[in-house]
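Colleague: Have a look at the structure that comes next, please.
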Amino acid sequence: SQELEQSPQSLIVQEGKNLTINCTSSKTLYGLYWYKQKYGEGLIFLMMLQKGGEEKSHEKITAKLDEKKQQSSLHITASQPSHAGIYLCGADIVSGNTPLVFGKGTRLSVIA
Amino acid sequence: EAQVTQNPRYLITVTGKKLTVTCSQNMNHEYMSWYRQDPGLGLRQIYYSMNVEVTDKGDVPEGYKVSRKEKRNFPLILESPSPNQTSLYFCASSLIGTGSSYEQYFGPGTRLTVT
């Protein structure tokens, strides 16, 4: 069973619009990571969240981890073509240094 | 520059011909891992290693072998590749602490095609 559910699976937005991607777990998240992947290429680290209620921003991308630490959202403000790609959330779902599990990804397209 | 390198980046091979994909990191990370990425299935972990000489199976270990003789290297071995192992493979590494989460650094990927 998929331990991390991402939604939506794909998203097409017009340039300049805002968008949100969600990552939900049935278990407590001890660390939540957001990565971006250009099609067929490697993963680029965006942000890591650990504390319930934590929020981090980088340029026009903001990520939050809810208080219960079971859901995270990634919000992009005023989307640009450079934001296009696949966004993946990864998480530690067991306390300690255990392997990450990943969601299936959200494919984002930004059209002019 | 801190990085994870993989070689080769692209490989086309035939069924049954043994191959090795190398992975090396220069960050003195203890933890290393291999993933495969397939359309509709996302990233799935093949094997991981918490430290030298310590390896464990991930979600999809069948048909793969790994070794961790040195801290910096974590090769992925396909003894007898089959077409269902055609995929995009990623190596990753991270620093292990106690009770904390650390960013995983990913290699650029190896696109393998088995005919």
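Colleague: Given the conditions (1) closer than 21 Å to A:Lys104 by Cβ; (2) part of a loop (DSSP other than H, G, I, E, B), which single one is not true for B:Ile96?
Modeller: Just one mismatch for B:Ile96, condition (1).
Colleague: May I pose another question? Which residues, counting only those in the stretch A:10-20, are surrounded by fewer than 13 Cβ atoms within 10 Å (Cβ to Cβ) and within 15 Å of the chain's Cα centre (by Cα)?
Modeller: Result: A:Ser10, A:Asn18.
Colleague: Let me confirm something: among A:Ser79, A:Ser73, which residue is in contact with a strand residue (DSSP E or B) (Cβ under 6 Å, 6 or more places away or on another chain) and assigned to a strand (DSSP E or B)?
Modeller: The conditions single out A:Ser73.
Colleague: Same structure again: Evaluate the following for A:Thr28: is it away from chain B (no Cβ under 14 Å) and of a type in the set (Ser, Thr, Tyr)?
Modeller: no
Colleague: Test A:Ser57 against the criterion of being buried (at least 19 other Cβ atoms within 10 Å of the Cβ) and either polar (S, T, N, Q) or facing chain B (nearest Cβ under 10 Å) (or both), and give yes or no.
Modeller: Taking the combined requirement at face value, the residue does not satisfy it.
Colleague: What do you reckon, is B:Glu103 without any contact (Cβ under 8 Å) to a residue 24 or more places away in the chain, closer than 14 Å to B:Met32 by Cα, open to solvent by 10 Å² or more (accessible area, probe 1.4 Å) and facing chain A (nearest Cβ under 8 Å)?
Modeller: In short, yes.
Colleague: If a residue must be in contact (Cβ under 8 Å) with a residue 40 or more places away in the chain and in contact with a Gly (Cβ under 8 Å, 6 or more places away or on another chain), how many such residues does the stretch A:35-67 contain?
Modeller: Result for the stretch A:35-67: 5.
Colleague: Right, here's the next one. Scan the stretch B:42-56 residue by residue and report those that are more than 7 Å from chain A (Cβ to nearest Cβ) and either touching a Leu at 6+ places or on another chain (Cβ under 9 Å) or surrounded by fewer than 13 Cβ atoms within 10 Å (Cβ to Cβ) (or both).
Modeller: Those that are more than 7 Å from chain A (Cβ to nearest Cβ) and either touching a Leu at 6+ places or on another chain (Cβ under 9 Å) or surrounded by fewer than 13 Cβ atoms within 10 Å (Cβ to Cβ) (or both): B:Ile46, B:Tyr47, B:Glu53, B:Val54.
Colleague: Give me the residue from the stretch B:65-93 that is part of a loop (DSSP other than H, G, I, E, B) and among the charged types (D, E, K, R) and, out of that set, nearest to B:Gln45 (Cα to Cα).
Modeller: Taking the candidates together, the pick is B:Arg68.
The values are calculated or read from the model by the stated rules, or taken from the named source; none is laboratory data. Model, not experiment: these values are computed from the prediction. Glycine also receives a Cβ, built like all others from the backbone with ideal geometry; neighbour counts cover every protein chain displayed. When the accessible area is computed, the model is the full protein with side chains, heavy atoms only, and any ligands, DNA or RNA have been set aside. Shrake-Rupley method; radii C 1.70, N 1.55, O 1.52, S 1.80 Å.
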